[in-house]
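Q: Questions regarding the structure given below will be posed in turn.
The values are calculated or read from the model by the stated rules, or taken from the named source; none is laboratory data. The structure presented is a predicted model; accordingly, all values stated were derived computationally and were not measured. With ideal geometry, Cβ positions are generated from the backbone for all residues, glycine too; neighbour counts draw on all protein chains shown. We work out accessible area using only protein heavy atoms, side chains counted, and drop any ligands, DNA or RNA first. Shrake-Rupley method; radii C 1.70, N 1.55, O 1.52, S 1.80 Å.
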Amino acid sequence: MEHVAVITGGARGIGLACAQHLAALGSKVALWDTDPEALDAARADLGSATFTTVVDIADWDSVEKAVTATENALGPISQVVNSAGIAGPNAVIEDYPLENWNQILNVNMTGSFHVLRAVLPGMKARGFGRIVLIASVAGKEGNPNASAYSASKAGVIGLTKSAGKECAHMDISINCVTPAAAKTRIFDQMSQEHIDYMLSKIPRGRFLQVDEAAKMIGWLCSTDNSFTTGAAFDLSGGRATY
């Protein structure tokens, strides 16, 4: 079966690693991202057959148009990795900027909902789909001074479980992964103190590597994953074990 894979936030970090891995496994790849220059660089890396489009997953119209453009270019979408997300600033709750709170929830949680809402009708009509949402160990445990990010990723876990149950009677698997931090551009949004805190909580003693995430996500997107759905898969280096 030939797959068409959409990777949001696909121009960098975990998203780009997933795109590289799925392309190596034979999927036709579409990268959705907000940064056109990064998309051009990623396309140069992956090859001219890669479809790229500028998408803001917090904007429903943008997501809906991207589905149409992607399927016109590559065919029906069968795999989705929703890697787009932002961390926001670090502050205690009473000092947390309201505009940042709203932005983080809009991108991380509502954006995940938009992606599901846009791709599921086609997957249901065709009777097949594999979707992986990128949550975080912060959504399981909560990180101090990162209330918006932690809450948004807890929402992604809950959304995954709900959507997985809705589609469990079909050959559509919807799961999420809960990474510990990986050294990607998202670190630019965090204080060094917060980065050090996250590292101190990882029993492995190091940050996640993006290719490690891509390999687990690649299996979740495959036909080999024929049973598991609505689950959160740990990628936390031993920090969370449930």
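Q: Could you grab me the full set of residues in the range 189-219 that are open to solvent by less than 50 Å² (accessible area, probe 1.4 Å), within 23 Å of ALA11 (Cα to Cα) and either outside any loop (DSSP other than H, G, I, E, B) or among the acidic types (Asp, Glu) (or both)?
A: Result: ILE195, LEU208, VAL210, ALA213, ALA214, ILE217, GLY218.
Q: When you scan the range 80-89, how many residues do you find that are open to solvent by 20 Å² or more (accessible area, probe 1.4 Å) and out of contact with any strand residue (DSSP E or B) (no Cβ under 6 Å at 6 or more places or on another chain)?
A: Here the count works out to 3.
Q: Filter the range 90-109 for residues that are within 15 Å of the chain's Cα centre (by Cα) and surrounded by fewer than 18 Cβ atoms within 10 Å (Cβ to Cβ) and give the result. It would help to see each step written out before you state the result.
A: Initial filter on the range 90-109 (within 15 Å of the chain's Cα centre (by Cα)): 104-109.
Once the filter is applied, which keeps residues that are within 15 Å of the chain's Cα centre (by Cα) and surrounded by fewer than 18 Cβ atoms within 10 Å (Cβ to Cβ), the range 90-109 yields only ASN106.
Q: How do the pairs read when you match residues in the range 198-219 that are free of Cβ contacts under 8 Å to residues at least 24 places away in the same chain with residues anywhere that are open to solvent by less than 70 Å² (accessible area, probe 1.4 Å) and of a type in the set (S, T, N, Q), using Cβ under 8 Å and keeping only pairs 6 or more apart or on different chains?
A: Between residues of the range 198-219 that are free of Cβ contacts under 8 Å to residues at least 24 places away in the same chain and residues that are open to solvent by less than 70 Å² (accessible area, probe 1.4 Å) and of a type in the set (S, T, N, Q), the close pairs are TRP219/ASN225.
Q: Testing ALA87 on (1) farther than 22 Å from ALA30 by Cα; (2) within 19 Å of the chain's Cα centre (by Cα); (3) of a type outside the set (Asp, Glu); (4) assigned to a helix (DSSP H, G or I), one condition comes back false. Which one is that?
A: All conditions are met except number (4).
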